[in-house]
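Each remark here refers to the structure printed beneath this line.
The values are calculated or read from the model by the stated rules, or taken from the named source; none is laboratory data. Given the structure is predicted, the values throughout are model-derived calculations rather than measurements. Using ideal geometry, Cβ is built from the backbone for each residue, glycine included, and neighbour counts are taken over all protein chains shown. Side chains are part of the model used for accessible areas, which takes the heavy atoms of the whole protein and leaves out ligands, DNA and RNA. Shrake-Rupley method; radii C 1.70, N 1.55, O 1.52, S 1.80 Å.
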Amino acid sequence: MHKGWPKRWWTTALVAAALAGIVVYDVWRIAELLANPQPQPDWWELAGRCLGGTWFAFLGASTARRAIALRTEAAHDR
């Protein structure tokens, strides 16, 4: 077991789902900023959302991979 990770697969899967929700929210805000009829969007907010969404996407993918590994390990222990 890696230090700092939850010990149950479903807890890790819930964390991955929460991170995916954050990514969806960031993508929604990016689309809203780009669809805004103003001539120039707020580039700092746009860059922040892009970087933050990318970071949370990588964290979510890593967490989902860990949840799958824990689920596979739990299935083999039965």
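Legend: calculated FRET efficiency, L46 to A18, from the Cβ-Cβ distance at R0 = 25 Å, rounded to 0.05, equals 0.60. Of the solvent-accessible surface of the chain, computed with a 1.4 Å probe and all protein chains present, 66% belongs to carbon and sulfur. For the chain, the longest principal axis of the alpha carbon atoms and the long axis of helix 43-77 meet at an angle near 10°.
Would you mind checking the tilt of helix 9-35 against the longest principal axis of the Cα atoms of the chain, expressed as 0 to 90 degrees and rounded to 10? The answer is roughly 10 degrees. Counted by Cβ distance under 12 Å from E45, the other residues give a net charge of -1, where Lys and Arg count +1 and Asp and Glu count -1.
Summed over the residues of the chain and divided among them, the accessible surface reaches 77 Å² per residue at a probe radius of 1.4 Å.
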